[in-house]
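**Student:** One structure is given below, represented as structure tokens, and several questions about it will come after.
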Amino acid sequence: MSFRMILMVAGVAIGGANLAHTLAKRQSEPAAPEPAKVASANMATPAARVVALRADRRGHFATDLTINNQFVKALVDTGASAVAFSHEDAQKAGIHPKPGDYVIPVQTANGVVRAAKARIPELRLQGIVVRDVEATVMPPGALNITLLGMSFLKRLKSFEMNGNTLILKQ
């Protein structure tokens, strides 16, 4: 073997030994902290608002809504085209249709009744806020609880069932 070849082999062996020593030393040292991440444009957007509702013993999802600073108890109803207020809940929330406003035919479990059209400037369900919501007001005695229908639900990012929990996301 030539002298030159011996130097090359020795150089590779020394270099490999140095690399092995450096790697072993790095593994025994505590890890350096990762550099701070730069905020992205996504962080400027508000976090999604999520509300989880648990089913009652009958499997219904009841919740409190806030309308005009008043609490109204409601059932989530994907079969209702719009939010449908009982006459009493509408009155409590400051919605007062005139007798001549009850002109919209609505199919209910008890037959067809005539409801009044309404628009809700702001409807809150815990942390979720939806503005300018289409609604109906049922005549006295036609509905005993307000229904949170699709005019509200379709304005959400998503809603889904997970076991006996309904998850609403805005």
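**Student:** Take the Cβ-Cβ distance between F71 and R49 as r, set R0 to 22 Å, and report the resulting FRET efficiency rounded to the nearest 0.05.
**Tutor:** After rounding to 0.05, the efficiency reads 0.75.
**Student:** Still on this model: Arranged from highest to lowest average of other beta-carbon atoms within 10 Å per residue, in what order do the peptides 85-96, 149-160 appear?
**Tutor:** Those peptides, ordered most packed to least, come out 85-96, 149-160.
**Student:** Let me ask something else. For segment 55-126, what is the Kirkwood estimate of the hydrodynamic radius, computed as the reciprocal of the mean inverse distance between distinct Cα atoms, to one decimal in Å?
**Tutor:** 13.5 Å
**Student:** Right, another one. With a 1.4 Å probe and all protein chains in place, put T146, T66, T78 in order of accessible area, largest first.
**Tutor:** Sorted descending by solvent-accessible area, the residues read T78, T66, T146.
**Student:** Further question on the same structure: I'd like to know which of T108, G94, T78 lies farthest towards the positive end of the charge dipole of segment 70-130, counting +1 on Cβ of Lys and Arg and -1 on Cβ of Asp and Glu.
**Tutor:** G94
The values are calculated or read from the model by the stated rules, or taken from the named source; none is laboratory data. All of these numbers come straight from a predicted model, not from anything done at the bench. Note that we place each Cβ from the backbone using ideal geometry, even for glycine, and neighbour counts take in every protein chain shown. Quick note on the areas: whole protein, heavy atoms, side chains included, nothing else; ligands and nucleic acids left out. Shrake-Rupley method; radii C 1.70, N 1.55, O 1.52, S 1.80 Å.
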